[in-house]
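Since every read-out is calculated from the coordinates, none of them should be taken as a lab result. Just so you know, these numbers come straight off a predicted model, no measurement behind them. Every residue, glycine among them, receives a Cβ derived from its backbone with ideal geometry; neighbour counts consider all protein chains shown.
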Amino acid sequence: MNRVALIGIMIENNNAFSQINEIIHDYSQYVVGRMGLPNVRDNLNVISIVLDAPNDVINTASGRLGRIEGVTSKTIYSKSEEA
């Protein structure tokens, strides 16, 4: 069962972009959309990603992103699941 989820990513480590892009690429089959806001504030960038994927895929993607040094990720899930 798939759900739609939004992963919000705050990046305070400019050296993390290659790791972030690699992870997003790993889940590209589930990515519905992506928006990036560079330099929201000094040394703070924001990326939001919408996924349509099974719960375990969403959780794994968000967890991998959040384990990168200088990166925080939080996930918001839709209430409904697709059968």
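Just the number, please: Stokes-Einstein D of the chain in µm²/s, Kirkwood Rh from C-alpha pairs, 20 °C, 1.002 mPa s.
Estimated diffusion coefficient is 167 µm²/s.
Give a residue-ordered list of calculated ³J(HN,Hα) values for the range 31-46 (Karplus: 6.51 cos²θ - 1.76 cosθ + 1.60, θ = phi - 60°; whole Hz; x for Gly, Pro).
6, 8, x, 8, 9, x, 10, x, 6, 4, 8, 3, 6, 9, 10, 10
For a quick check: sort Glu69, Glu81 by the number of other beta carbons within 10 angstrom, fewest at the front.
Glu69, Glu81
Taking the Cα centre of the chain as origin, sum charge times position over the Cβ atoms of Lys and Arg (+1) and Asp and Glu (-1), and report the length of that vector in debye to the nearest 20.
With only Lys, Arg, Asp and Glu charged at Cβ, the dipole is about 180 debye.
Among Ile23, Asn45, Met1, whose Cα sits farthest toward the positive end of the charge dipole of the chain (+1 at Cβ of Lys/Arg, -1 at Cβ of Asp/Glu, about the Cα centre)?
Of the candidates, Asn45 comes out farthest on the positive side.
What is the distance, in nm, between label points placed 7 Å from the Cα along the Cα-to-Cβ direction at Leu6 and at Asn39?
2.6 nm
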